[in-house]
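Engineer: Right, I'll just put the structure down here and ask away after.
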Amino acid sequence: MISAVIGGTASKISGGKFANGASTAAFQYMFNQVAKSTFGKTKKRITRRVFRDGKGVTSERELGKPKWVGIQAAGPLIDKLAPKQITLAVNLEILVQEYGTYELVDVFEVEYTYKVSRDGTYDYNSEILNIGPEIPAGETSWMFTGQSTGFSPIDVRGCIFSCEGYGAGVFGNGG
């Protein structure tokens with residue numbers, strides 16, 4: 001209302017009609033109010049643990065890719081079997097696979113209705129207005145629980161100077 005009176009007065013002073021100035025100012029005010037808020041919808045995927053007989057379904061599975069790890073304890077053994085000059089050039093490594101606990105989850109889709117408001121030039125606030133029902137996506141998935149259960153050896157290699165690059169692996173598969 002105030003912006004319409006100011007717009008009409010400014011229009012009258014500058015030689016125009018009061019009604020035209022008031023109407024223009026009112027539309028400008030409404031446009032600015034609408035531009036301060038936007039509404040939208042988005043879908044998100046969520047998961048729920050699967051239970052059987054009152055317990056979550058879990059499985060021990062491979063965690064990542066196998067990796068080569070140096071064997072520090074082999075140094076004294078090699079020192080006894082070979083001269084000191086050779087032990088400085090020999091590296092022993094073991095290929096290990098880490099395992100972890102995974103749990104079975106069902107996948108759901110949920111639709112959110114939200115509003116984003118502009119409070120200033122760079123200040124935005126987001127507000128969830130409605131969370132729709134969980135709709136089964138018809139999928140199950142194994143999700144890592146964050147718990148490592150240990151390592152399992154796969155292979156051993158011995159290398160001269162370095163186990164990287166050309167000629168890696170004097171014995172064993174060498175990766």
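Engineer: For residue 111 and residue 57 in one chain, what is 0.36 nm times their gap in residues minus the Cα-Cα distance, to one decimal in nm?
Structural biologist: Contour length minus the Cα-Cα distance gives 16.7 nm.
Engineer: Give me, ordered by chain and number, the residues 5 or more places off residue 137 or on other chains with an amide H under 5 Å from its own placed amide H.
Structural biologist: Those qualifying (amide H under 5 Å, at least 5 residues apart or on another chain) are 107, 108, 109.
Engineer: Under the √(5λ) rule applied to the eigenvalues of the Cα gyration tensor, what semi-axes describe the equivalent ellipsoid of segment 102-163? Give them in Å, descending.
Structural biologist: 47, 24, 9
Engineer: Among 128, 154, rank each residue by its count of other Cβ atoms within 10 Å, from fewest to most, as a rough exposure measure.
Structural biologist: By the 10 Å Cβ count, ascending: 128, 154.
Engineer: What residues have an amide H closer than 5 Å to that of residue 63, excluding those fewer than 5 places away on the same chain, when H is modeled at 1.01 Å from N in the peptide plane?
Structural biologist: Result for residue 63 returns 98, 99, 100.
Engineer: Tell me, in nm to one decimal, what length is gained between residue 125 and residue 145 on full extension, where the rule is 0.36 nm per residue of separation less the Cα-Cα distance?
Structural biologist: 3.9 nm
Engineer: Please rank 45, 157, fewest neighbouring Cβ atoms within 10 Å first, as an exposure proxy.
Structural biologist: So the ranking, lowest neighbour count to highest, is 45, 157.
FYI, it's all coordinate maths here, none of it is from the lab. Just so we're clear, the structure is a prediction, and the values are computed from it rather than from any experiment. Please note: Cβ atoms are built from the backbone with ideal geometry, for glycine as well, and neighbour counts cover all protein chains shown.
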